[in-house]
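The values are calculated or read from the model by the stated rules, or taken from the named source; none is laboratory data. All of these numbers come straight from a predicted model, not from anything done at the bench. Cβ sites come from the backbone with ideal geometry, for glycine too, and all protein chains shown count toward neighbours. We work out accessible area using only protein heavy atoms, side chains counted, and drop any ligands, DNA or RNA first. Shrake-Rupley method; radii C 1.70, N 1.55, O 1.52, S 1.80 Å.
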Amino acid sequence: VWMDGVFDLMHFGHANAFRLGRAQGTYLVVGVNDDESVTRLKGAPLMSEDERAAAVAGCRWVDEVVRRVPYVMDDAYVRALLDEHKIDFILHGDDPCIVDGRDVYEVAIRLGKYRTVPRTEGISTTDVLRRMLSAGAHQGERRSAPEPPSAASHFLLTARMLADFAPA
């Protein structure tokens, strides 16, 4: 199974996606998008590619990390990836991933090698950044608790999920 992404400010939404991805196969390969293509298409990440790759590698459900993955993978890249890493399918969250009006995963979709997993509600890199900026704007003010996430999180609802995230 292949998953790729920016994985800036690695958070439990990313870890949950890896958990769900790993459950769909026997080996999870995660590609970390390169700094250049991310900066060009989305804006500069806060963490370097080395930092993001190290954070991904530290996740217990990730078996292998591939660096310098373009944010938009062309036909030749996807075909080489599937062959070189013996990938059965490419997996991504169920949120749209559109660049210049085109789905980033259109090649995998066309090849019948694409699947989705549900996003973890209530957490995203954008949400983490929003909370950090909000906390910074109120620096020095007395606050009783951090702002809640933008949506109720349905993460870790069961004992099974708690066990999945327990130390190995």
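In this entry, region 47-99 is assigned a mean projected area of 4.8 nm², taken as a quarter of its C-alpha convex hull surface. Taking a ≥ b ≥ c as the square roots of the Cα gyration tensor eigenvalues, region 1-156 comes out prolate, since a/c reaches at least 1.5 and a/b is larger than b/c. Sparse packing (at most 16 other Cβ atoms within 10 Å of the Cβ) combined with a DSSP loop state is found for the following trypsin sites (Lys or Arg not before Pro) in region 28-62: Lys42, Arg60. Between amide H atoms placed 1.01 Å from N, distances below 5 Å from Asp34 occur with Arg68, Val69, Tyr71, all of them 5 or more places distant or on a separate chain. Accessible area of His11 (1.4 Å probe, protein heavy atoms only, ligands and nucleic acids ignored): about 30 Å².
In sequence order, region 62-70 has phi-based couplings of 9, 8, 8, 10, 10, 9, 6, 8, x Hz under the Karplus curve 6.51 cos²θ - 1.76 cosθ + 1.60, θ = phi - 60°, and Gly or Pro positions carry x.
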